[in-house]
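Scroll down for the structure; my scribbles are underneath it.
The values are calculated or read from the model by the stated rules, or taken from the named source; none is laboratory data. It should be emphasised that the depicted structure is a prediction, and the values quoted were computed from it without experimental measurement. Heads up, the Cβs are rebuilt from the backbone with ideal geometry, glycines too, and the neighbour counts pull from every protein chain shown. Only protein heavy atoms, including side chains, enter the accessible area calculation; ligands, DNA and RNA are left aside. Shrake-Rupley method; radii C 1.70, N 1.55, O 1.52, S 1.80 Å.
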Amino acid sequence: MAVVNLEELQARTAFVRDLASSGGAYVVEGAAGIARVPSPRRRGVDVELMWTDRDEAARWADALVQAPKITALSIDTLLARHLPKLADEGRLIGGNWSDSPAEPEFAAHDLDQQVRRRLIEQFVESAAKTRQVWVLKAADTPATVLTRHPAGGEALPVFTDRASAERAIDGAWGHTLASRVPVGDFLQKMIVWCVETRRRIAPAYVPGPGLIELPPWDVKALLSGHAPVRRVA
């Protein structure tokens, strides 16, 4: 959706940044479901309201629905299930809705991709600071997922920190352990392993249809400071 003006652009950027850094968002639920309003720009389209600050969600709750309940949505839930559902329903997302004239609206796929790019930015920033990334391993073998790339194959999920890696340990990965990998080893060994085995890499891994998978050399360029994250598709 086209950006209307600078104020809205700033509001959109702030919402994406805050959502990625806080690890989730809040919605207001009532008897009729999650609070939503008609889009002021697209006739017949509903905008589901979402906030990155719980107090702001509570501030507007009574004005939006009866018997409101504030519900937290983790970033995993948002990207894996909630945004894909909104995309199927044709609803937009209103970020940090308030009485401000700037009312940013996102298509679900657009918000998904912007948040994922911001997560990758955070991944690169963290790796530069801590000099480490995290993967899941079983018997010293990195855990992988089936790629969504048309060419097929597998992708290596890589995580920003131990907590995010451990959150992914369930189901098929229940037998794995979070493993810290120094950035130097990752660049010299795991990148080469992915190249040799024709695997792609999913940095700042969060499941969902919008998962961003990159060729190994692109990830090396990001971590080496030779490519900006804004170029990530």
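Descriptive notes on the structure:
- Flag if Pro182 is within 30 Å of Ala87 (Cα to Cα) and of a type outside the set (S, T, N, Q): no
- Checking Ala58 against (1) assigned to a strand (DSSP E or B); (2) open to solvent by 20 Å² or more (accessible area, probe 1.4 Å); (3) not aromatic (Phe, Trp, Tyr), the condition it does not meet: (1)
- Condition met for Gln10 (in a loop (DSSP other than H, G, I, E, B) and either of a type in the set (Ser, Thr, Tyr) or farther than 11 Å from Gly94 by Cβ (or both)): no
- Residue among Val192, Val181 that is at pLDDT 95 or above and surrounded by fewer than 16 Cβ atoms within 10 Å (Cβ to Cβ): Val192
- Looking across region 91-120 at every residue that is in a loop (DSSP other than H, G, I, E, B) and among the polar types (S, T, N, Q), the one that is modelled with the highest pLDDT is identified as Asn96.
- Which numbered condition Tyr26 fails, given (1) under 17 Å from the mean Cα position of the chain (by Cα); (2) aromatic (Phe, Trp, Tyr); (3) open to solvent by less than 50 Å² (accessible area, probe 1.4 Å): (3)
- The set of residues in region 32-46 being charged (D, E, K, R), farther than 19 Å from Ile70 by Cα and surrounded by 13 or more Cβ atoms within 10 Å (Cβ to Cβ) consists of Arg41, Arg42, Asp46.
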